[in-house]
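> Pasting a structure here, questions to come.
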Amino acid sequence: MSSPDRNDTPVLITEAAPSYEQQHAARRKKYAIMMSLRFPCLILAALFAHTWWLALFFIVLSVPLPWMAVLIANDRPPRKTEKANRYEVERRAIAQKSTTIIDG
């Protein structure tokens, strides 16, 4: 009994984090993209072999890519900051009494 103009996609009603499968798929995609950038860097280094500093730049750029890809792929999404509703007691200062000090 759904009308043709009604959208049947579910509505997000919670602040729940994405499911583990969605997080894993996103991390896998980031890892694949970063690792696929390494091969073109090595190809560019070979193409610019006559310009040593440019070839060296592409080689140096390709060295930390696997390390960065693993770090980024293993990182979880950041937690959302939530303001906790806490009871706060009003603090009052203690009234200062005048005291006499007797040196004896």
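The values are calculated or read from the model by the stated rules, or taken from the named source; none is laboratory data. This structure is a prediction, so every number in the text was calculated from the model and none was measured. Quick reminder, even Gly has a Cβ in these numbers, built from the backbone with ideal geometry, and neighbours come from all protein chains shown. Protein only, heavy atoms only, side chains kept; ligands, DNA and RNA dropped before computing areas. Shrake-Rupley method; radii C 1.70, N 1.55, O 1.52, S 1.80 Å.
> Ignoring everything but the protein chains, give the 1.4 Å probe accessible area of Glu90 in square angstrom, nearest 10.
Surface open to solvent at Glu90 totals about 150 Å².
> Arg91 versus Arg28, label points 7 Å from Cα toward the beta carbon: distance in nm?
Simple spin-label model gives 5.2 nm for this pair.
> Another one. To the nearest 0.05, how large is the calculated FRET efficiency for Ala49 and Val70 if R₀ is 22 Å and r is the Cβ-Cβ distance? Before the final figure, lay out each step's value.
Numbers: r = 29 Å, r/R0 = 1.31.
Approximately 0.15, to the nearest 0.05.
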